[in-house]
1. Can you name the number of the only condition in (1) touching a Cys at 6+ places or on another chain (Cβ under 7 Å); (2) β-branched (V, I, T); (3) surrounded by fewer than 23 Cβ atoms within 10 Å (Cβ to Cβ) that I151 fails?
2. Suppose we filter the range 315-330 for residues that are farther than 30 Å from G206 by Cβ and surrounded by 24 or more Cβ atoms within 10 Å (Cβ to Cβ); how many remain?
3. Take the range 242-260 and flag every residue that is part of a helix (DSSP H, G or I) and either under 19 Å from the mean Cα position of the chain (by Cα) or at pLDDT 85 or above (or both).
4. Take the residues of the range 272-290 that are part of a loop (DSSP other than H, G, I, E, B) and β-branched (V, I, T): which is nearest to Y237 (Cα to Cα)?
5. Go through (1) modelled with pLDDT under 95; (2) within 28 Å of G206 (Cα to Cα) one by one and return the number of the condition I420 breaks.
6. Since G239 meets every condition but one in (1) more than 21 Å from M24 (Cα to Cα); (2) modelled with pLDDT of 95 or more; (3) assigned to a helix (DSSP H, G or I); (4) not hydrophobic (A, V, I, L, M, F, W, C), which condition does it not meet?
7. Hey, does the range 70-81 have a residue that's over 25 Å from A245 (Cβ atoms) and among the polar types (S, T, N, Q)?
8. From T61, T47, T52, grab the single residue that is under 12 Å from A153 (Cβ atoms), modelled with pLDDT of 95 or more, of a type in the set (S, T, Y) and crowded, with 18+ Cβ neighbours inside 10 Å.
Amino acid sequence: MDNELTALTTIFTEFYYWITVVLMFLIHVGFCMYEVGVSRHKNHLHTLMKNTMLIPLVTVTWFFFGWWIYWAFVNGPFIGTSIMDGNTGLQLGGGFGANEMADPLDPLMAINLGDHIMGVFWAAFLLFSWTAASIVSGAVIERIRTAAFGICAIAIGSVFWSIDASWGWHFDGWMVKILGYHDAYASGVIHAVCGGFALGILAVLGPRIGKFAADGTPRNIGPRNPWLVTIGLFLIYTGFWGFYAACNIPIFDLGPEYGMEGVTYFTATNIYVTPTTLSGITMNFLLSLSGGLLAGYWISKGDPFWTYSSGLAGIICASAGNDLYHPLQAMIIAAIGVVIAYRLHYWVERRFKIDDAVGAVAVHGYAGVVGLVICGFVLWGYPSSGYEGYAAINPIGMIIGAIIMFGLLGFLPGWIIAKILDSAGKLRIPREVEIAGLDFNYMEASKADEDAVVADEK
């Protein structure tokens, strides 16, 4: 390291991202508790194991190719010109290229005293990937085969969210440069795309047995353990502090290689290297949480499940612009998003017979899309990046971005993958297994063991 200041900056940045990873781990703990709280007793263990096993599946695939996708596809490909190397194709090495940054065999991807940042930065993105897969996990509980979910988890966690992050979250992404797309804390990049992906699967998977009466009227199934739901969502709230922090860069030198010599931000910047402050986003986070909770309590007439879920939906809706919003704007936007998402959930449920067990499509997908659209109007004209020559934030760019996230990279791949699995008979569990419960064999074996112990005691 050149000097003491560089050393301190490096150590601070390394520790900064390490802390975000620890905090974001709580998001996954929260999702596990939340999903078990919603599921019925006969499916508890399967629900837990499904959400647990996405950790190794997504981690390994993210290491081998998910991280590479993020760095390689910033141009679409072939859309726009990269500020990295002036090309329009895949970023395949050289300078700041994908192979150099994300090749699993590169020295950067291991213990390397010449680089203290890559591992923790990679891990922060990995935890985003876990979140992506977990969002889908909750929507499909109690009826999807384990292997089918594993395929879906890898697809959304290591492929499709990686693509949309490369397009709309990377500082060199074509959507940022050309459309003026702005999504500081991932209303679209994670939440809208995952909500759309979940909806695509649900459209093929179908509702749980008994969810709809003969006349099509939806029945309420769950939550079965409101305490676990409550604790789970509060853990997700807590983990979102790490999520927000990981979307920032603490200190950033834009660099002479991009025509920005001498421009260093000694403050937090968002993912697009536009200055913000942790102080400001702290207020915006709390006000958007509050706006969501208040709106959810009002629109659901005090329903605990929707009230807690609406707190999360409020944060998600305001997240696209929470690096720049005034706190009162964040609160109002959150409230608007919750009302729209709640209404859409029940309209889609009744109209299309979609059984979203945890409301994931509404909380993440609909709220995320609404947040993107509103952001385009509220922040109209603001710079989309710290780099020169980029399109300013605008409504048309944000609307197009919302369609790409929710529809093109979310719903469509989810529907296609589900269709393929369904046609092969590998998507949904058999009817008799669903009725008995996915934990039936385990529960019967456990009961037999207990009976044997009791018999010996006699």
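The values are calculated or read from the model by the stated rules, or taken from the named source; none is laboratory data. Here the structure is a predicted model, which is why all the values come from computation and not from measurement. Positions of Cβ are backbone-derived with ideal geometry, glycine not excepted, and every protein chain shown enters the neighbour counts.
1. Condition (1) is where I151 drops out.
2. Here is the first cut: in the range 315-330, the residues farther than 30 Å from G206 by Cβ are 315, 318-330.
Going one step further and asking which of them are surrounded by 24 or more Cβ atoms within 10 Å (Cβ to Cβ), we end up with 315, 318-323, 325, 330.
The total comes to 9.
3. First pass over the range 242-260, keeping only residues part of a helix (DSSP H, G or I): 242-246, 256-258.
Matches in the range 242-260: G242, F243, Y244, A245, A246.
4. Start the filter on the range 272-290 by keeping residues that are part of a loop (DSSP other than H, G, I, E, B), which leaves 272-274, 276-277.
Right, trim to β-branched (V, I, T) and you get 273-274, 276-277.
Values: V273: 25, T274: 25, T276: 21, T277: 20 Å.
Step by step, filter the range 272-290, then rank; the result is T277.
5. (1)
6. (1)
7. Taking the range 70-81 first, the residues over 25 Å from A245 (Cβ atoms) are 72-73, 75-81.
Then drop every residue that is not among the polar types (S, T, N, Q), which leaves 75, 81.
Taking every residue of the range 70-81 in turn, at least one turns out to be over 25 Å from A245 (Cβ atoms) and among the polar types (S, T, N, Q).
8. Numbers: T47 fails: under 12 Å from A153 (Cβ atoms); T52 fails: crowded, with 18+ Cβ neighbours inside 10 Å.
Answer to the check: T61.
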